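Below is one structure; the comments refer to it alone.
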Amino acid sequence: MRAVADTNVYISALNFGGTAEEVLALGRAEVVELFVSSAILKEMEGVLIRKFQWSAQRARQAIAAIQEFAQLVRPKETIHLITEDEPDNRILECALEAQRTPDRASLEGT
């Protein structure tokens with residue numbers, strides 16, 4: 001199964017645990033193949049620093065930890081479907097690119 005988590009899932013997992021942390025645990029265990037983009041990571045870093053008063057170093061460490069199990073994709077399309085919350089379009093862009101990305105098994109030659 002493939003998934004793109006909204007920034008709020010990462011923020012909740014890192015600050016509060018619970019169900020959001022369970023989603024990330026599924027990604028770490030490779031039960032779910034999580035995808036992320038640099039735009040999502042950048043938004044996450046900004047929210048952690050601005051809203052949760054994390055240091056820049058702590059935020060970067062958390063992002064590096066996520067990148068250890070989430071596959072980074074570079075969306076080729078820009079989407080403007082969601083007008084109420086423009087950053088949500090970055091989630092759609094990532095999901096579209098994740099759909100086009102070969103699965104890990106085929107990339108590893110198994």
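The values are calculated or read from the model by the stated rules, or taken from the named source; none is laboratory data. Since the model is a prediction, treat every value here as computed from it, not as a measurement. Cβ placement follows ideal geometry from the backbone for every residue including glycine, while neighbour counts extend to all protein chains displayed. The accessibility values were calculated without ligands, DNA or RNA, using every heavy atom of the protein model including side chains. Shrake-Rupley method; radii C 1.70, N 1.55, O 1.52, S 1.80 Å.
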Averaging over all projection directions, find the projected area of the Cα convex hull of the range 1-42 and quote it in nm² with one decimal place. 2.8 nm²
Packing-based ranking, highest mean first, of 20-31, 41-52 given that Cβ atoms within 10 Å are counted: 41-52, 20-31
Which value at 222 nm does the chain reach when only helices count, each DSSP H run of 4 or more adding -39,500 (n - 2.57), with the total divided by all residues and rounded to the nearest 500 deg cm²/dmol? -16500 deg cm²/dmol
Could you check the simple spin-label distance between residue 78 and residue 21, using points 7 Å along Cα→Cβ, in nm with one decimal? 3.9 nm
Would you kindly state how much longer the chain becomes between residue 28 and residue 3 on full extension, computed as 0.36 nm times their sequence separation minus their alpha carbon distance, in nm to one decimal? 7.7 nm
Would you work out which of 26, 46, 7 lies farthest towards the positive end of the dipole of the chain? Charges go on Cβ: Lys and Arg +1, Asp and Glu -1. 46
Amide H of residue 5: which non-local residues (sequence gap of 5 or more, or other chain) have their own amide H closer than 5 Å, using H built in the peptide plane? 35
What length, rounded to one decimal in nm, is gained on full extension from residue 103 through to residue 51, with 0.36 nm per residue of separation minus their alpha-carbon distance? 15.2 nm
Computed ³J(HN,Hα) along the range 45-55: with the Karplus parameters 6.51/-1.76/1.60, θ = phi - 60°, integer Hz and x for glycine or proline, the list is 4, x, 5, 4, 6, 6, 8, 10, 6, 6, 6
In whole percent, the fraction of accessible protein surface over the chain that belongs to carbon or sulfur atoms, probe radius 1.4 Å, stands at 53 percent
How far apart, in nm, are the 7 Å Cα→Cβ label points at residue 85 and residue 42? 2.0 nm
